[in-house]
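Participant: Starting off with a structure, shown below.
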Amino acid sequence: MSSAGSSSPTTPARTAPPKRARVVVAVALAVAFGAMLAVQSKVNGDLGQVLGDGYLTALISFGSGMLLMVAALPVWAPGRRGLATIWRAIRSNRMPWWYTMGGAAGAVFVASQSLTAAVLGVAVFTIAAVSGQVLSGLGIDRSGLGSMPATRITLPRLIGSALALAAVVLSVSPQFQGDIPIWMLVLPFIAGLGQGFQQALNGELNEVGGSAFTAGLISSAVGTVLLIGAAAISVSANGWPDAYPTEWWLYTGGVIGVVFVAGAAIVVRFTGVLLLGLGMIAGQLVMSLLLDLVVPTDAAAPVHPLTIVGAVLTLAAVLIAAVPSKSRKR
């Protein structure tokens with residue numbers, strides 16, 4: 001009896017640290033991906049300002065990422081096997097076809113970057129998108145999706161989410177006093193709402209296909225098809241841009257997007273949608289403030305003090321929401 005009593009408490013002690021370490025590494029990667037997303041917002045926003053066509057800009061960004069992955073497909077066997085596995089899963093009804101539609105949310109997000117980030121500033125755009133990310137993350141974690149089980153919403157996560165929403169209202173409040181159209185503030189919210197679903201669906205594709213590359217390729221292909229239609233309508237109404245910028249870095253949004261989508265598809269399996277979103281929010285906020293302070297766009301207003309306060313509150317929200325729940329320990 002004493003041996004059973006002594007061995008049972010030690011088992012969690014041996015198994016818990018590796019699991020905890022994986023979560024810590026996954027959250028750190030989520031922060032890094034969030035910083036990359038802020039850089040992508042800056043790149044796409046500046047390119048959209050130069051071209052004067054946000055939909056064409058989004059197509060260039062999304063389409064270039066897809067072409068890069070298609071070019072790598074012949075030499076990446078796991079990606080080809082993943083495509084075949086997902087196709088068989090859809091045909092046999094083991095996976096709903098709409099699991100492949102995460103790229104639609106990605107297309108909306110990239111389009112919103114191109115249309116609003118240069119005017120709002122990267123920091124305000126990022127914080128406006130946070131509320132949508134938090135709400136969709138809460139909803140998906142609460143209900144579950146596919147192989148991702150439902151997760152009980154803990155008090156720290158509720159407090160962190162409420163604090164993040166309050167930070168959004170505080171941060172964007174100076175913009176309501178200016179002449180920025182309301183749709184420019186609403187669009188990032190809608191785009192952020194879709195981000196949670198994109199990450200969850202791409203995580204399912206990665207789980208079924210066994211390849212983050214496959215998940216990224218399918219997401220990029222779906223988003224590119226939608227953006228081709230939107231860009232065609234925009235160009236037919238407004239014409240082609242008079243000139244294209246020569247700065248090479250303005251065309252890196254697609255590469256950044258590929259790394260972000262593939263990485264998030266892997267990390268979400270360890271963090272859940274909400275914690276992944278909050279980790280990315282932390283990286284987005286820090287990097288977006290640095291970008292707006294160091295390399296601001298001409299069209300954006302100077303960083304308002306309330307934006308900085310909102311960023312600090314959102315970082316605090318991430319830390320609170322990341323507190324582990326005792327009820328989740330076995």
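The values are calculated or read from the model by the stated rules, or taken from the named source; none is laboratory data. Just so you know, these numbers come straight off a predicted model, no measurement behind them. As a convention, Cβ positions derive from the backbone with ideal geometry for all residues, glycine included, and neighbour counts pool all protein chains shown.
Participant: Answer yes or no as to whether Gly196 is small (Gly, Ala, Ser), in a helix (DSSP H, G or I), modelled with pLDDT under 85 and under 29 Å from Ala311 (Cβ atoms). Spell out the reasoning first.
Facilitator: Values: small (Gly, Ala, Ser): yes; in a helix (DSSP H, G or I): yes; modelled with pLDDT under 85: yes; under 29 Å from Ala311 (Cβ atoms): yes.
Yes, satisfied.
Participant: Can I ask one more? Please find, within region 221-272, the residue that is farthest from Ala32 (Cα to Cα) out of those that are in a loop (DSSP other than H, G, I, E, B) and among the hydroxyl-bearing types (Ser, Thr, Tyr). Steps first, answer last, please.
Facilitator: Of all residues in region 221-272, those in a loop (DSSP other than H, G, I, E, B) come to 239-247, 252.
Now restrict to residues that are among the hydroxyl-bearing types (Ser, Thr, Tyr): 244, 246, 252.
Numbers: Tyr244: 30, Thr246: 28, Thr252: 17 Å.
Checked region 221-272; the qualifying residue farthest from Ala32 (Cα to Cα) is Tyr244.
Participant: Among the numbered conditions (1) surrounded by fewer than 21 Cβ atoms within 10 Å (Cβ to Cβ); (2) farther than 28 Å from Ile281 by Cβ, tell me where Ala104 comes up short.
Facilitator: With respect to (1) surrounded by fewer than 21 Cβ atoms within 10 Å (Cβ to Cβ); (2) farther than 28 Å from Ile281 by Cβ, Ala104 is out only on (2).
Participant: Here's a follow-up. Please determine whether any residue of region 222-238 is polar (S, T, N, Q), buried (at least 21 other Cβ atoms within 10 Å of the Cβ) and closer than 17 Å to Pro78 by Cβ.
Facilitator: No - not one qualifying residue is present in region 222-238.
Participant: Which one of these is out of contact with any Leu (no Cβ under 8 Å at 6 or more places or on another chain), among the aliphatic types (A, V, I, L, M) and over 22 Å from Phe197 (Cβ atoms): Leu51, Leu47, Leu73, Leu120? Break it down stepwise before answering.
Facilitator: Numbers: Leu47 fails: out of contact with any Leu (no Cβ under 8 Å at 6 or more places or on another chain); Leu73 fails: out of contact with any Leu (no Cβ under 8 Å at 6 or more places or on another chain); Leu120 fails: out of contact with any Leu (no Cβ under 8 Å at 6 or more places or on another chain).
Answer to the check: Leu51.
Participant: Are there any pairs, at least 6 apart or on different chains, whose C-beta atoms fall under 6 Å, with the first in region 120-144 and touching a residue at least 12 places away in the same chain (Cβ under 8 Å) and the second part of a loop (DSSP other than H, G, I, E, B) and not aliphatic (A, V, I, L, M), and if so, which?
Facilitator: Asp141/Thr151
Participant: Can Gly196 be described as touching a Gly at 6+ places or on another chain (Cβ under 8 Å) and free of Cβ contacts under 8 Å to residues at least 60 places away in the same chain?
Facilitator: Values: touching a Gly at 6+ places or on another chain (Cβ under 8 Å): yes; free of Cβ contacts under 8 Å to residues at least 60 places away in the same chain: no.
The answer is no for Gly196.
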